[in-house]
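The values are calculated or read from the model by the stated rules, or taken from the named source; none is laboratory data. From a predicted model like this one, the values you see are computed outputs, not experimental measurements. Here the Cβ positions follow ideal geometry from the backbone for every residue, glycine too, while neighbour counts run over all protein chains shown.
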Amino acid sequence: MTLNSKTVIASSLMISAAAITCQVAAEARPYPDQSGVCYFYRGETQEILEPCVISSGYGAGAHYAILRWSDGVETNITMINFCPDEDYNDGGFCRYTVDDYDAEPYERNVFLEPTTLPDADNLPCYRVIETGNSVCYRFSE
């Protein structure tokens, strides 16, 4: 069997594509689970504040946080950073979901009030657009 130049080029492209695929797949990574405090707000009323386990990581065009509440319920927060033809915010994300519902990010200050002032102590929160309910979390030190 003789190899012509088209066969060699096609073979090298397939090998390169496989190498890129393996490299991209290796980039997805979870972080170790951490203990934290999780909050649930129905509208602006805080209904739950309790210790929880927070799993987080990134890959496949998104970052995620999974809040594991004490009753075994899990809340999945997804921060999507791969959206063709969409606007990205300052954090590099273009869309957010909480348990697959569209959500919007916001922050609460140390007094648990919504704020727009940047502060390292602020809680990251995500409000489900359809219901107005929110989840927030803080990693334990």
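Miscellaneous remarks
- Tally of residues being part of a loop (DSSP other than H, G, I, E, B) and either in contact with a helix residue (DSSP H, G or I) (Cβ under 6 Å, 6 or more places away or on another chain) or not hydrophobic (A, V, I, L, M, F, W, C) (or both) across region 24-50: 6
- All conditions in (1) touching a residue at least 12 places away in the same chain (Cβ under 8 Å); (2) among the hydrophobic types (A, V, I, L, M, F, W, C); (3) assigned to a loop (DSSP other than H, G, I, E, B) hold for Val53, with the sole exception of (3).
- Remark: Thr75 falls outside the filter, which requires a residue to be at pLDDT 95 or above, more than 25 Å from Glu141 (Cα to Cα) and among the hydroxyl-bearing types (Ser, Thr, Tyr).
- Checking each residue in region 56-74 for being out of contact with any Cys (no Cβ under 8 Å at 6 or more places or on another chain) and assigned to a strand (DSSP E or B) picks out Ser56, Gly57, Tyr58, Gly59, Ala62, His63, Tyr64, Ala65, Ile66, Glu74.
- Filter result for Leu112 (part of a loop (DSSP other than H, G, I, E, B), surrounded by 14 or more Cβ atoms within 10 Å (Cβ to Cβ) and not basic (Lys, Arg)): yes
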